[in-house]
Every structure is written in C-alpha cells, then in structure tokens.
Amino acid sequence: MGVDYQNVTTDDQLLSYCRELSEADSIAMDTEFVAEHTYRPVLCLIQVAAEGKLSVIDPMGIEDLTPFWETIAAEGHETIVHAGRGDVEFCLQAIGRHPSGLFDVQIAAALVGMEYPAGYSTLIGRLLGDSSKKHETRTDWRRRPLSNRQIEYALDDVRHLHPLRDTLQARLNELGRLDWFEQEMTDWQDEIERAQKQERWRQISGNSGLDRRSLAILRELWRWREAEAERRNKPARRVLRDDLIVELARRRTAEVKQIRAVRGLERGDLQRRLGEMARCIERGLELPEEECPDTAFCKPKAKLSVLGQFLFSALGSICREAHLAPNLVGGPADIRELIAYRTAGRLGRGADRPKLARGWREVFVGRLFDDLLDGKTSIRVGDPSSDHPLVFDRGESGTLLEL
C-alpha cells in the first residue's frame, strides 16, 4: 500500500492520538458502519485527515471511543464531513453533543448549484477534477483483518475533504451564501437531534388512511416493536413488518384468535408474542378519544395537489436560475405545507412555521410564493427555448421580478 497513515487500534493509542488531534484547526472525518443486521448501526472504522496526516481508528479493538468523540465535539476546530448524518448520530449517541464547527460538503455543494444529494465521487470529479475509487462499496467492515485495498478505499473518503471544503467555501462566499450555509448546518443538526429523541411511528409506510383510533393502535404496536428490536438487537422491520402493523391497526381487534388469522404472522417468534400484540391493541382501543393522535399529519390534502405541482415546477425553474439545488430547498410536501399554512391564515412565528416560511428559504422563495398566492405576482412563459423559460411579473405594472 502506497498510502502513509497512522493506525489506531488500542485505547492507549487512541488517548495519545486524541491529544495530538486536539491541536488541529480542521478535522476531516468519515465512518464506515454496517446497519443491516442490528438495531443500531455497528461502527466499524473511523477515518481522519488532519494537519496533513491520515489516520484510521479501529473501533473493533477499542473499548471506549469517548475520547475521540469528545475531541471532535470540543470547540476550537472545524469538522469536515460528506453526508455526515451518520457521523453526527454516532457523536450524539456517544456523548450527547454535536461535532464542532460542522461543514458538510454535500450541503455546501447544493447551495452553489450542484445536485442534492451529490455523491462523494461526483463532488471530487466536478470540483477537483479527480476520481474516487469505489471498489469496496459492499465491504463487510466488521471483518478483520482489513486488506490494504479496503484501507485505501476508506482513506479516500477523507483525503479530499479539505480541498472540497476550500473550493465550496470560496463559491459560497462569491454567491453571498455563507450565512445561508451556517443557518442550514444549524437547522440540519437540530433536526438530527430531534429525530433521535422523537418517536417515529408516523414514518410507518401505509398509515395515511388510518383514523385516529387506528393510529393510536399503530403507535402502541410501534412502541412494542422498538422495544423488542432493541432487546433482540435486530432491525425493527425484521421484528414486525410495517404492513402488518398497519393491518392490525386497521382491524382494531385485540382477540388473539383474530390476530393469529392475519396473513404474515405465521412466524414462530411472532406466534409466541401474539398476546403482547393483543395488549398493545387493547391499550390503543382503550385510550381516551382526545388522546388519540391527530390525522392531520397523515392525510394528504388532495385539493392542494394541482397548486402544489404548479409551484413545485416554478421552484425548479427558480432554483436552476439561481444555482441552487431544488431538492435542498424543498419538495412537493413542503410546498403543500406552505400553501395550507398560508391559506389557513395561521401566520405564527418560530419553529412551527413550515420549512419554506423560515430562514433563508423564506427570503429565497417563501415570499415569492406568498405573492403568487396573493395574486401580487404572476408567471408567464418567456422564451420557450430558454433554459429558464418562466418569467415572474409583479403586479399590474408587469415589472420583472428579480430573483
């Protein structure tokens, strides 16, 4: 292997390395993990680039990784990642704090006009004119020993992060979007932390047609499944599939005989827990009506569909002209949420406002959509052969709206 790197494999080596790392002004990091077989992802490797040096930390031989996460979270340095949600989650789970000065190159790239989410090799190729080796994407990182080829692949994921960061920061500065980026990083990290703390039962697929009572049952079954999955250290959907939870919630019966008749519950481990499922359903059935979940978050508003599609098309045109990734700004659901919020007259403040009515998104597109909804601005087709065929006119004067 032609790459020089420091290999950290013991607790004593980690402590020594962290003392050295704490002096760095900028730390680029990445993690390799396996998430298919356990309740939580298994952290298998940490790669670091700092002060011109590459390092590999092997969690499989280290009992306590806390010194590393404390170093990453300590103030006084910048932490550079690509698509770093998993890295942030590992840090939060370990010590309850975020990495310091987080700079995610994927988010930065979206704010200067690249697609979102852009892969690491795409960023390297388009911004640095280099290529990234992707021959170990299916590696089982739990196995030891790791080959030189695997280590080289892992280190590739951090060796380019510093130049990517420098290139993207320069472009953000040119476009006057450094404030947008800092705001986005703060909001993004806050969202990750909220997601770790909140119950995610609303993410069960197929629940949109359920009424409040069925949603109460679904929530109880989800809570049981999470506890069981953590106890058995298995992915939650391997304990009980989403479609089975929805079916049980829809049937609304706590009788074991009828539960047993549901197709898909034939597995022996599920048969042994039918009584536990029945008790979950019974709790949902007995819950006072006022404590049952609201369905407003689950049912799509069909009457907003046409208007939402129209504004989503407009959003794409606006973003492309402004060199901004539409997928980062918002999707159809975000637009429908904004329309419902504005047309219902709920003009509150703070975090309860829709995404497109907060922060830099409100400045960029939220106010424009307000004017479109109020009839103060109109859209027409300018040059159909142009890359940006839509023209936004403000008011009766026909003044061209500057985006």
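All of the numbers you see were taken from the coordinates with simple rules; none came from a lab. These figures come from a predicted structure and were not determined experimentally. Don't worry about glycine lacking a Cβ; one is built from the backbone with ideal geometry, like all the others, and counts go over all protein chains shown.
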Quick query: amide H of CYS44 versus all other amide H atoms, modeled in the peptide plane; which residues come in under 5 Å with a sequence gap of 5 or more or a different chain?
GLU32, PHE33, VAL34
Please give the calculated 222 nm ellipticity per residue for the chain, where each DSSP H segment of at least 4 residues contributes -39500 (n - 2.57) and the sum is spread over every residue; nearest 500 deg cm²/dmol?
-13500 deg cm²/dmol
Give me the distance in nm between label points sitting 7 Å out from Cα along the Cα-to-Cβ direction at GLU276 and ALA227, one decimal.
0.9
Grab the other residues whose beta carbon is less than 14 angstrom from that of GLY61, score K and R as +1, D and E as -1, and report the net.
-2
Beyond 24 Å, how much of the Cα-Cα pair distribution for region 109-204 remains, as a whole percent?
44
For region 211-216, take each phi angle, set θ = phi - 60°, evaluate the Karplus expression 6.51 cos²θ - 1.76 cosθ + 1.60, and give the result in whole Hz per residue in order, putting x for glycine and proline.
7, 4, 5, 5, 5, 4
If amide H atoms are built 1.01 Å from N in the plane of the peptide, which residues on other chains or at least 5 residues away come under 5 Å of the amide H of ILE27?
GLU78, THR79, ILE80
Which FRET efficiency, nearest 0.05, do ASP64 and ARG320 yield, Cβ-Cβ r, R0 41 Å?
0.25
With θ set to phi - 60° and the Karplus curve 6.51 cos²θ - 1.76 cosθ + 1.60, what are the ³J(HN,Hα) couplings of region 11-23 in order, to the nearest whole Hz, using x for Gly and Pro?
5, 5, 5, 5, 4, 5, 5, 5, 4, 5, 5, 5, 8
For the pair GLU291 and GLU182, how long in nm is the line joining their label points, each one 7 Å along Cα→Cβ?
4.6
Taking θ = phi - 60°, what integer Hz values does the Karplus form 6.51 cos²θ - 1.76 cosθ + 1.60 yield along region 81-97, in sequence order, with x for Gly and Pro?
9, 10, 6, x, 4, x, 5, 5, 5, 4, 5, 4, 5, 6, 10, x, 10
Roughly how big is the chain's charge dipole about its Cα centre, with Cβ charges of +1 (Lys, Arg) and -1 (Asp, Glu), in debye to the nearest 20?
2280
Taking all pairs of distinct alpha-carbon atoms in region 1-63, Kirkwood radius in angstrom:
12.7
Compute a Gaussian network model of the chain, connecting alpha carbons closer than 10 Å, and tell me which residue from ARG361, ARG212, ARG272 fluctuates the most.
ARG272
Among LEU21, LEU307, LEU218, residue whose mean-square fluctuation peaks in a GNM of the chain (springs only between Cα atoms under 10 Å):
LEU307
If each of ALA35 and GLN198 carries a label point 7 Å out from its Cα toward its Cβ, how far apart are those two points in nm?
1.8
Identify which of the listed values of semi-axes √(5λ) of the Cα gyration tensor in Å was calculated from the structure shown: (1) 31, 30, 20; (2) 50, 27, 19; (3) 38, 37, 18.
(3)
Restricting to aspartates and glutamates and to Cα separations under 12 Å from LYS376, and discarding same-chain partners fewer than 8 apart, the set is ASP393, GLU396
Based on the inverse mean of 1/r over its pairs of different Cα atoms, what is the Kirkwood hydrodynamic radius of region 234-293, in Å?
12.1
Residues whose modelled amide H sits under 5 Å from the amide H of LEU390, counting only those 5 or more places away in sequence or on another chain, are GLY382
Here FRET efficiency (C-beta to C-beta, LEU373 to ALA261, R₀ 41 Å, nearest 0.05) is 0.25
Using the 10 angstrom Cβ neighbour count as an exposure proxy, how do ILE204, ILE217 rank, fewest first?
ILE204, ILE217
Considering the chain as a Gaussian network with a 10 Å cut-off on Cα pairs, which listed residue, MET114, MET60, MET29, attains the greatest mean-square fluctuation?
MET60
Taking only the alpha carbons of region 6-197, what extent do you get along each of the three principal axes, in Å, biggest first?
45, 34, 34
